[in-house]
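Take a look at the structure below.
The values are calculated or read from the model by the stated rules, or taken from the named source; none is laboratory data. Given the structure is predicted, the values throughout are model-derived calculations rather than measurements. Reconstructed Cβ throughout: ideal geometry from the backbone, glycine too, with neighbour counts over all protein chains shown.
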Amino acid sequence: MRRLTILIALFLFCSSGAAAEIFGICGPRHGTVFALQIWRAFHGEIDFKLCAQAEPELNFLLVTRDPDESNKGDDQTKVPLTYATYQKLLTLYENALHYNVKDEAGGLDGSTWCLETLNGPYSKACFWSPGFNSEDRGLKGLDKLGRELWSIAATEQRDGPLY
């Protein structure tokens, strides 16, 4: 009976926000500010999550590459962020939220970007290739955010171009 009690206590601890802070977990209920998923027509998917921790020096960007023929599972990279970089990403994110919800652009090739708000009121919006005619489409903020995340994660050489 004592072992069962210890197991239950351990399970509750591991599923709590305290465990998330201790182990640097970034999940929907544990410090994720936003997620940006980018699906490219001729390259793999890459997901970015901005992760806020109680200690500002522990904030990080979680970059996940989806499996393809060469990978057997998700490849995650945790990129530490300085306070200044974290603040810059928050500003870019706030600007990205001023997107045009009526954008109807689309195409056969290109990419699909989905911006998901996970801190505060939930929202998710997806757009085809925000870099294409971004100013006229009201997606300049989203394009800047994605390019900054791409630059911070240094994915160009490994994952191919952003489009």
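Worth a mention:
- When residues in the stretch 76-121 are screened for being at pLDDT 90 or above, assigned to a loop (DSSP other than H, G, I, E, B) and exposed (fewer than 14 other Cβ atoms within 10 Å of the Cβ), 2 of them pass.
- Looking across the stretch 122-157, the residues that are surrounded by fewer than 16 Cβ atoms within 10 Å (Cβ to Cβ) and either of a type in the set (S, T, N, Q) or not in a helix (DSSP H, G or I) (or both) come down to TYR122, SER123, LYS124, CYS126, ASN133, SER151, ALA154, GLN157.
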